[in-house]
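**Q** Below: one structure in structure tokens.
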Amino acid sequence: MHMHSTTTDSDFSKGSVRGNILRLAGPMTLAQLINLLYNIIDRMYIGHLPENSTPALTGLGLTFPIITIVTAFSNLFGMGGSPLFSIARGKREEEQAGRIMGTTFSMLVIAGVVLTVLVMLIKEPLLYLFGASDQTFPYADQYLSIYLLGSTFVMISLGMNNFINAQGFARKGMLTVLIGAVLNIILDPIFIFVFGMGVRGAALATILSQLVSAIWVLHFLVGKQAVVRLTRPNLRVHWPLLKNILGLGTSGFVMSVTNGLVQIACNATLQTWGGDIYVAVMTVINSIREVVSMPVNGLTNAAQPVLGFNYGAGEYRRVKTGIRFMSIICVVYTTLIWIILLIFPRPFIHLFNSSADLLKLGVPAMTVYFFGFFMMSLQFSGQSTFVALGRSKNAVFFSLFRKVIIVVPLTLLLPHVGGLGVYGVFLAEPVSNFIGGAACFITMMRTVWPALGEKKR
């Protein structure tokens, strides 16, 4: 029955669960770190421009919500398709897996093209709505106009890379991102400083690098090494499959879009209460949060194909081991990071900008923002478990609950409370981590956990 052409590498029902998760987690975390370096390197160079570095950095910060939303669409299809792909492979249905991958690819391309056109048409009112000022708008506009031209490549490289990882080729998946990031790191200073293109240079370096990544992903997926290949007949959009892909991908999509919404609410509120400088502080804090939450992201993403495969294969004891392992590591790590950020906030801020104003305002803001950071990991663990086992409704609900029901209203309300002003915006985050994280994790332990005891073994 198990005599199939799958290598042990991509059969997650064998070997230790911890080993399987960690084998994927290393390369996947690195891949995410490198992917983040894309944006972060842009911010580091621009935050240290000889003149106008703060408005330029703020302008870049204003484009994130829009870029986050573009990325959300690659998650919608990529993260919706890949767990279904893993479950299909766990059941040994290779043809079905191929159709899932082909449908995902076609949808990524269609969405990429539509988004580019749409955002191009409405970018000016959008950016002003999101907290741009006349001083920062030109920078945001320059970056976004070029970035959008390459958004389809971004979607292919991000969305389809999930399928390289889901087949157990985590190192290859890491290379996808590494190739792009190294190129970006090389091209950035050349375009920004040597050719004097400033913000435009940063955007151009990013999209050229993403183009190369996209070519690499497709080259691998149509090639000999892939267990399940991307083939022309499978590029037809299979509607019934698309429905399932959207069902599962919605959670990652909603998470990204709501991330964008939270950023918009924060930037617009900070613009009102504190002006451009606080939008810059938030850009820096967001960058730091992305860097430090990376390993948690990597570990929980690596756990998903392993949990999904074992769930598909009916190995429920292994699923429980995986959930326990993932949760403990996440909590320990986020607690350590919280302590480090409390004691040494300055070096982290220095990475992105060396202006004295920004340091002075940034340190207290950071202390508030990262309070109780470990609660964030409970959100991640609960959420990943829901996604891996195909319980998309729960995953979507908790994502919305934390961001839309808690963070956004608090961001708008807290500045009015007890003279909190700007700090109200930074306080919304820890409050939502405590309420949202606890609710998500407890629900997972009360619903998923008992159900895993009932079936096989």
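The values are calculated or read from the model by the stated rules, or taken from the named source; none is laboratory data. Remember, predicted model here, so these are calculated numbers, not experimental data. We place every Cβ from the backbone using ideal geometry, glycine too, and count neighbours over all the protein chains shown. Each accessible area value is taken on the protein alone, full model and side chains, heavy atoms only, with ligands, DNA and RNA left out. Shrake-Rupley method; radii C 1.70, N 1.55, O 1.52, S 1.80 Å.
**Q** Across the stretch 302-357, which residue is surrounded by the most Cβ atoms within 10 Å (Cβ to Cβ) among those that are under 30 Å from GLY81 (Cα atoms) and in contact with a Lys or Arg (Cβ under 6 Å, 6 or more places away or on another chain)? I'd like the intermediate steps shown before the answer.
**A** Here is the first cut: in the stretch 302-357, the ones under 30 Å from GLY81 (Cα atoms) are 302-331, 333-334.
Filter again for in contact with a Lys or Arg (Cβ under 6 Å, 6 or more places away or on another chain), leaving 310, 312, 314, 316-317, 325.
On the way: ASN310: 25, GLY312: 22, GLY314: 14, TYR316: 17, ARG317: 13, PHE325: 18.
The residue in question is ASN310.
**Q** Please go through the stretch 116-153 and give me each residue that is over 25 Å from the mean Cα position of the chain (by Cα) and of a type in the set (A, V, I, L, M, F, W, C), ordered by number.
**A** LEU121, PHE137
**Q** In this structure, is LEU299 within 22 Å of the chain's Cα centre (by Cα) and free of Cβ contacts under 8 Å to residues at least 12 places away in the same chain? Talk me through it step by step, then tell me what you get.
**A** Numbers: within 22 Å of the chain's Cα centre (by Cα): yes; free of Cβ contacts under 8 Å to residues at least 12 places away in the same chain: no.
For LEU299, the condition - within 22 Å of the chain's Cα centre (by Cα) and free of Cβ contacts under 8 Å to residues at least 12 places away in the same chain - is not met.
**Q** Can you tell me which residue is modelled with the highest pLDDT among those in the stretch 399-434 that are among the small types (Gly, Ala, Ser) and within 19 Å of the chain's Cα centre (by Cα)?
**A** Here is the first cut: in the stretch 399-434, the residues among the small types (Gly, Ala, Ser) are 399, 418-419, 421, 424, 428, 432.
Narrowing further to those that are within 19 Å of the chain's Cα centre (by Cα): 399, 432.
Details: SER399: 81, SER432: 92.
The qualifying residue modelled with the highest pLDDT is SER432.
**Q** Right, next: So ASN20 ticks every box in (1) more than 18 Å from GLY298 (Cβ to Cβ); (2) surrounded by 18 or more Cβ atoms within 10 Å (Cβ to Cβ) but one. Which box is left unticked?
**A** (1)
**Q** While we're on this one: Do we have any residue at all in the stretch 250-271 that's touching a helix residue (DSSP H, G or I) at 6+ places or on another chain (Cβ under 7 Å) and farther than 30 Å from LEU414 by Cα?
**A** Just the residues of the stretch 250-271 that are touching a helix residue (DSSP H, G or I) at 6+ places or on another chain (Cβ under 7 Å), to begin with: 250-267, 269-271.
Subset that is farther than 30 Å from LEU414 by Cα: none.
Scanning the stretch 250-271 turns up no residue that is touching a helix residue (DSSP H, G or I) at 6+ places or on another chain (Cβ under 7 Å) and farther than 30 Å from LEU414 by Cα.
**Q** Taking the condition of being of a type in the set (Gly, Ala, Ser), surrounded by fewer than 23 Cβ atoms within 10 Å (Cβ to Cβ) and in a helix (DSSP H, G or I), how many residues in the stretch 420-453 meet it? Before you say what the answer is, go through the steps one by one.
**A** If we filter the stretch 420-453 for residues that are of a type in the set (Gly, Ala, Ser), which is where we start, we get 421, 424, 428, 432, 436-439, 451, 453.
When the remaining residues are screened for being surrounded by fewer than 23 Cβ atoms within 10 Å (Cβ to Cβ), the result is 421, 424, 438-439, 451, 453.
If we keep only those that are in a helix (DSSP H, G or I) too, we end up with 424, 438-439, 451, 453.
Count: 5.
**Q** Of all residues being assigned to a helix (DSSP H, G or I) and not aliphatic (A, V, I, L, M) in the stretch 214-238, which is nearest to GLU93 (Cα to Cα)? Just the residue, please. Step through it out loud before you land on a result.
**A** Step one: of the stretch 214-238, the residues assigned to a helix (DSSP H, G or I) are 214-222, 232-235.
Now narrow it down to the ones that are not aliphatic (A, V, I, L, M): 216, 219-220, 232-234.
On the way: TRP216: 26, HIS219: 23, PHE220: 21, ARG232: 19, PRO233: 17, ASN234: 14 Å.
By that ranking, first place goes to ASN234.
**Q** Please identify the pairs in which a residue from the stretch 337-359 that is under 19 Å from PRO295 (Cβ atoms) has its Cβ atom under 9 Å from the Cβ atom of a residue that is charged (D, E, K, R), counting only partners at least 6 apart or on another chain.
**A** LEU351/ARG43
**Q** Give the number of residues within the stretch 353-398 that are within 20 Å of the chain's Cα centre (by Cα) and of a type outside the set (Val, Ile, Thr).
**A** Residues of the stretch 353-398 that are within 20 Å of the chain's Cα centre (by Cα), as a first pass: 369-370, 373-398.
Filter again for of a type outside the set (Val, Ile, Thr), leaving 369-370, 373-384, 386, 388-395, 397-398.
Residues that pass the stated criteria total 25.
**Q** Here is a further query. I need a count of the residues in the stretch 67-100 that are open to solvent by 10 Å² or more (accessible area, probe 1.4 Å), under 21 Å from the mean Cα position of the chain (by Cα), over 30 Å from ALA140 (Cβ atoms) and not aliphatic (A, V, I, L, M).
**A** The number of residues fulfilling the criteria is 2.
One line per residue, one yes/no per condition, for (1) in contact with a Leu (Cβ under 7 Å, 6 or more places away or on another chain); (2) assigned to a helix (DSSP H, G or I); (3) aromatic (Phe, Trp, Tyr); (4) on the phi > 0 side of the Ramachandran plot:
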residue	(1), (2), (3), (4)
SER293	no, yes, no, no
ALA302	yes, yes, no, no
PHE309	no, yes, yes, no
PHE325	no, yes, yes, no
ILE329	yes, yes, no, no
ASP357	no, yes, no, no
SER381	no, yes, no, no
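**Q** Moving to a separate point now. Looking at the stretch 10-66 only, could you name the residues that are hydrophobic (A, V, I, L, M, F, W, C), over 21 Å from the mean Cα position of the chain (by Cα) and assigned to a helix (DSSP H, G or I)? Please lay out each step first, then the result.
**A** Going through the stretch 10-66, the residues hydrophobic (A, V, I, L, M, F, W, C) turn out to be 12, 17, 21-22, 24-25, 28, 30-31, 33-34, 36-37, 40-41, 44, 46, 49, 56-57, 60, 62, 64, 66.
Adding the requirement that they be over 21 Å from the mean Cα position of the chain (by Cα) leaves 12, 17, 46, 49, 56.
Passing the criteria: VAL17, ILE46, ALA56.
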